[in-house]
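Shown next, in structure tokens, is the structure this report addresses.
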Amino acid sequence: MRIAVIPGDGIGREVIGAARDALDAVSATHGFKLSYTEFDWGCERYTREGAMMPADGLDVLRDFDSILLGAVGWPGVPDHVSLWGLLIPIRRTSRQYVNLRPIRTFTGVETPVREAEFDFVVVRENVEGEYSEAGGRLNRGFPDELAIQEAIFTRAGVTRIVGHAFALAALRRGYLTSATKSNGIVQTLPFWDEIVAERAEHHPGVRWDAEHIDAPAAKFVLQPGRFDVVVGSNLFGDILSDLAAAVAGSIGIAPSANLDPTREFPSMFEPVHGSAPDIAGTGVANPVGAVWSAALMLEHLGRPDAAAAVLAAIETTLAQPSTRTPDLGGTASIREVTEALVRSAS
Ligand code: ATP
Ligand code: MG
């Protein structure tokens, strides 16, 4: 299995090293081999050469089975450069229409919420919806100036994301929540709701609710334990998944997957956190988000056994106070945590 590795910037490089160590350990014990090709794409390359990645970068990635990404972004490089110069083109050309964010509690990770245990997944539509360039500005500088932003929801696009979420719920605890706001947004979201109801017919074993976005937002904090799979549009999924990562206790442990479930294109796996310039180079970055992302990659590559072994190693490591990084209240370095993960996964 060929993996394209883009460590990126700041702690991205540090945590990707940890992810590779964990992957090496678990692939050795489970009898398969991963081959890695590393790419130096990111803000340093941008500063040097004026582009985050080479012109043929997107074509190069097509030859790989998966992409493992650290983080991109650095002070002085505008967000739109790192986003539109790398992340968004990869997501779009690789048709990664599913953004998956598992959220769960671990022994040893304190959360800001009262419920002791929860385990759910946010499924975000990743390529269409509210994040479109359609629209415009009129009467610039005049009192009647206005801005129009169009959201684009296609039947094919909504059907595939909702279908993916139902299928995932069927494999988990059989409960799906659809985040909507069709009482206020009266074209696109009623359309979304209709398609959810249609897809539900194909999954009679899955219970489901459509809830206006404000309700799941509040319940993520008050009763996170009631959720299993939550599906939302690009904008709603974006906000809910960041909220969910905060509810889980530390951004340093949150993983994500950008999936093309058809497997025509490579899927991309990356921790939720950014390049964290404030702690980059100090050796205290939490590697768990990247290592868990690597576990999601193994699952996608058809090695759920190895993925489970990595997750078990994460559980064991987080449960020990001596192998927790400062963001979790510990004093361990990324090296100590990585060594513990590798020991436990070997
Ligand atoms: P983005 O690059 O997406 O704009 P950001 O700059 O908003 O991200 P991060 O780079 O993720 O945010 O950092 C936010 C805060 O969380 C920082 O204080 C950072 O040190 C901390 N943080 C992020 N990731 C980790 C990690 N893996 N381990 C420990 N602390 C982390
Ligand atoms: Mg940042």
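Where a number appears in this text, it was derived from the coordinates with a stated rule and is not lab data. Please read these numbers as outputs of a predicted model, since none were measured by experiment. Because the Cβ atoms are built from the backbone with ideal geometry, glycine has one as well, and the counts that use them run over all protein chains shown.
Need one number: nm distance between label points at ARG172 and GLU117, each 7 Å from Cα along Cα→Cβ, rounded to one decimal.
Label-label distance for ARG172 and GLU117, simple model: 1.6 nm.
Which part of segment 145-182 falls in the paramagnetic zone of GLU198, meaning amide N under 16 Å from the point 7 Å along Cα-to-beta-carbon?
Residues 153-166 qualify, since their backbone N sits under 16 Å from the label point.
Run the numbers on segment 111-248 and let me know its relative contact order in percent, using alpha-carbon pairs under 8 Å that are six or more apart.
Over segment 111-248, the number comes to 40 percent.
Given the DSSP H assignment, sum -39500 (n - 2.57) over each helix run of at least 4 residues in the chain and divide by its residue total; what's the result at 222 nm in deg cm²/dmol, nearest 500?
-12000 deg cm²/dmol
GLU49 to THR29: extension gain in nm, 0.36 nm per residue of separation minus the Cα-Cα distance?
Using 0.36 nm per residue and subtracting the Cα-Cα distance, I get 3.1 nm.
If neighbour count is taken as other Cβ atoms inside 10 Å, put SER35, SER233, SER346, SER94 in order from fewest to most. Before the final figure, lay out each step's value.
On the way: SER35 9, SER233 28, SER346 13, SER94 22.
With the sparsest Cβ surroundings first, the list reads SER35, SER346, SER94, SER233.
List the DSSP H helices in the chain whose Cα atoms stretch 27 Å or more along the helix axis and whose mean Kyte-Doolittle hydropathy is at least -1.0. Walk me through the numbers on the way to the answer.
Details: long enough: 11-30 (28 Å, 0.26).
Qualifying helices, which must be both long enough and hydrophobic enough, are 11-30.
Just need the relative contact order of segment 50-157 here, percent rounded to a whole number, with Cα pairs under 8 Å and 6+ apart.
In percent, rounded to a whole number, it is 18.
Using the Cβ atoms and a cut-off under 14 Å, what net charge is assigned to the surroundings of ALA254, where Lys and Arg are +1 and Asp and Glu are -1? If you can, show how the numbers build up before the last one.
Values: positive: ARG101, ARG104, ARG124; negative: ASP119, ASP238, ASP242, GLU270, ASP327.
Summing Lys/Arg as +1 and Asp/Glu as -1 gives -2.
Write down the percent of antiparallel bridges among all DSSP beta bridges whose residues are both part of the chain, to the nearest 5.
Just about 45 percent of them are antiparallel.
In whole Hz, with x marking every Gly and Pro, tabulate ³J(HN,Hα) for segment 32-43 from phi via Karplus 6.51 cos²θ - 1.76 cosθ + 1.60, θ = phi - 60°.
Per-residue couplings from phi come out as 9, 10, 10, 10, 10, 10, 9, 10, 8, 6, x, 6 Hz.
Let a ≥ b ≥ c be the square roots of the eigenvalues of the Cα gyration tensor of segment 128-279; is it rounded (a/c under 1.5), or, if not, prolate (a/b larger than b/c) or oblate?
oblate
Give, as a single signed number, the net charge of other residues whose beta carbon lies under 14 Å from the beta carbon of LEU311, with Lys and Arg counted +1 and Asp and Glu -1.
Here the count lands on -2.
Please state the shape class of segment 174-251: rounded when a/c is under 1.5, otherwise prolate if a/b exceeds b/c and oblate if not, all from the C-alpha gyration tensor.
oblate
Rounded to the nearest 0.05, what FRET efficiency do LEU58 and ASP214 give with R0 = 51 Å and r taken as the Cβ-Cβ distance? Could you check?
Values: r = 38 Å, r/R0 = 0.74.
Efficiency for this residue pair is about 0.85.
Please say if segment 199-346 is rounded, prolate or oblate, where rounded means a/c under 1.5 for a ≥ b ≥ c the square roots of the C-alpha gyration tensor eigenvalues, and otherwise the choice is prolate for a/b larger than b/c and oblate otherwise? Walk me through the numbers before you get to the answer.
Working: a/c = 1.92, a/b = 1.47, b/c = 1.31.
It is prolate, given that a/c is not under 1.5 and a/b is the larger ratio.
In sequence order, what are the phi-derived ³J(HN,Hα) couplings for segment 320-326 according to the Karplus relation 6.51 cos²θ - 1.76 cosθ + 1.60 with θ = phi - 60°, rounded to whole Hz, with x for glycine and proline?
Along segment 320-326, the couplings run 8, x, 6, 10, 10, 7, x Hz.
To the nearest 20 debye, what charge dipole does segment 111-248 have about its Cα centre, counting +1 at the Cβ of each Lys and Arg and -1 at the Cβ of each Asp and Glu?
Magnitude of the dipole: close to 280 debye.
Please compute the net charge surrounding SER346, taking Lys and Arg as +1 and Asp and Glu as -1 over other residues with Cβ under 12 Å from its Cβ.
After counting each charged neighbour, the total is -2.
Relative contact order of the chain: what whole-number percent is it, with Cα pairs under 8 angstrom and at least 6 residues apart?
24 percent
Taking 0.36 nm per intervening residue step and subtracting the Cα-Cα distance, what contour gain separates GLU339 from GLU264 on full extension?
Fully extending the segment from GLU339 to GLU264 adds 23.5 nm.
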